[in-house]
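Data first, discussion second: the structure below is written as structure tokens.
The values are calculated or read from the model by the stated rules, or taken from the named source; none is laboratory data. Please read all numbers here as calculations on a predicted model, not as lab measurements. Every residue, glycine as well, gets a Cβ built from its backbone with ideal geometry; the counts of neighbours run over all protein chains shown. Ligands, DNA and RNA are excluded from the accessible area calculation, which covers all protein heavy atoms including side chains. Shrake-Rupley method; radii C 1.70, N 1.55, O 1.52, S 1.80 Å.
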Amino acid sequence: MSTAAPLRPIPLPDEVTAPFWEGCRRGELRMQRCAECARFRFHPRPMCPHCLSLASEWVRMSGEGTLFSFVICHAPVLPAFQAQVPYAVALVELVEDPGLRMLGGVLDTPPDRLRIGQRVRVEFEEFADGVVLPQWRLAP
């Protein structure tokens, strides 16, 4: 029987998502924006869901947002998260665009201290194989 800790799922960057993951490795939160209609989109994808353009650019974001919603996980979704329970998974609305939201963990905050509307800042956490994930921390 193995005593190794279970592995967390690791994202596999592809041609479309690589700029996002490269930004994370540099400590930058970058979002894809349509070069035609100028609307942001997340998750990255080849075609704009609003105007169907294939042209896009990558924009560095401030990394600031608001806690739009969250859920407290009392039972881990995967065995790799057992040591973290209970933990919060947040839906954060980025300040640059009220329709631009992304999920992430909330760092170093007891779940009972979280409230909708709290300000958060992105922080980057390095995992296995050089993968860096955006996470969230309550803003001071």
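Worth pointing out:
- Among the candidates 69, 62, 53, residue that is hydroxyl-bearing (Ser, Thr, Tyr), out of contact with any His (no Cβ under 9 Å at 6 or more places or on another chain) and not in a loop (DSSP other than H, G, I, E, B): 69
- Test: residue in the range 33-49 that is in contact with a Pro (Cβ under 6 Å, 6 or more places away or on another chain) and modelled with pLDDT of 90 or more: no
- Picking from residues in the range 39-49 that are in contact (Cβ under 8 Å) with a residue 12 or more places away in the chain and part of a loop (DSSP other than H, G, I, E, B), the one that is least open to solvent (accessible area, probe 1.4 Å) is 48.
- Meets criteria (within 18 Å of residue 128 (Cα to Cα) and either modelled with pLDDT of 90 or more or not hydroxyl-bearing (Ser, Thr, Tyr) (or both)) for residue 22: yes
- Set 7, 52: member being of a type in the set (A, V, I, L, M), within 26 Å of residue 80 (Cβ to Cβ) and open to solvent by 70 Å² or more (accessible area, probe 1.4 Å): 7
- Beta carbons closer than 6 Å, at least 6 apart along the sequence or on distinct chains, pair a first residue in the range 8-26 that is more than 18 Å from residue 46 (Cβ to Cβ) with a second that is modelled with pLDDT under 95 for 8/80; 10/131; 24/132; 25/132.
- Those residues of the range 11-38 which are open to solvent by less than 30 Å² (accessible area, probe 1.4 Å) and within 13 Å of residue 122 (Cβ to Cβ), in sequence order: 20, 23, 24, 29, 31
- From the options 27, 63, residue that is under 24 Å from residue 137 (Cα atoms), in contact with a Lys or Arg (Cβ under 9 Å, 6 or more places away or on another chain) and modelled with pLDDT of 95 or more: 63
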